[in-house]
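J.: I'd like to ask you about the structure that follows.
The values are calculated or read from the model by the stated rules, or taken from the named source; none is laboratory data. Since the structure is predicted, the reported quantities are computational estimates derived from the model, not experimental observations. For neighbour counting, all protein chains shown are included, and Cβ atoms are generated from backbone atoms with ideal geometry for every residue, glycine included.
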């Protein structure tokens, strides 16, 4: 992690995202950038600006209004317990928040966007789930999403990382990424989770022949998960195979294990990916009480599992 970008609407949720970014900086030495996407003109006296302005950036706001925004950015950094000079701050003007964030991310060559999921509503809304999901689906770099009810990072961030694995194409790259991430943030434990599809019928409706297959499927999935972990160089990972709806299973397992971070690869094609980024996204990203890191840099053609090798992560 070299450059962390935190979009902000000055809400408590954005404040939590900034705090997480600063915690990661203390561990990794990354640079932190704070960005507000604002209106080119004030919506009302004293308003900090909403999601307005020409698409892709427009005319700047009036001097006093922009001065107020800059003061608010400075105050947000100071509330997080940092010297204002320690965080780069910027303002952009756009009707579309996510595209403006992505444009700025490319300008500074950010390799992680750290975002909250909920902020102000109405005209002043900013980091609602739809914006966070758009970033998670389209960003050229990794996206760390802090849900509404986030379990705070400890002083040593992400000591335990949960990695949902679908055992399909891309598993090797995901596990290599997880291993590198664990080293970078100093994680003590990496847990691998495979979620089996729910049974199509209640257990009492199935005959003995079908029931005999159920434990075999779980055993084979466990063996495949252990083999993938060994190939990736993990020494003693936690290996778990559960059945059910991926969103709820991932959240439940993360709670039981007290995981401080959930890592997911967007290239996964199974129900896990849909649970995190699709129509069931109200599942993990919105309901889980854990930060979720979407490893979008794995989509880069040259991705090998080491984030330092990705185009989006080069200094």
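J.: Could you tell me how many of the residues in segment 188-201 are modelled with pLDDT under 90 and buried (at least 21 other Cβ atoms within 10 Å of the Cβ)?
T.: 1
J.: When you scan segment 44-65, do you find a residue that is at pLDDT 55 or above and within 23 Å of the chain's Cα centre (by Cα), even just one?
T.: The answer is no; no qualifying residue exists.
J.: Of the residues in segment 60-97, how many are farther than 23 Å from residue 20 by Cα, assigned to a helix (DSSP H, G or I) and in contact (Cβ under 8 Å) with a residue 24 or more places away in the chain?
T.: Residues in segment 60-97 being farther than 23 Å from residue 20 by Cα, assigned to a helix (DSSP H, G or I) and in contact (Cβ under 8 Å) with a residue 24 or more places away in the chain: 2 in total.
J.: Can we say residue 285 is part of a helix (DSSP H, G or I) and either within 21 Å of residue 114 (Cα to Cα) or modelled with pLDDT under 55 (or both)?
T.: yes
J.: Additional query: Can you confirm whether residue 100 is assigned to a helix (DSSP H, G or I) and under 26 Å from residue 133 (Cβ atoms)?
T.: Here the answer is yes, as residue 100 does meet what is asked.
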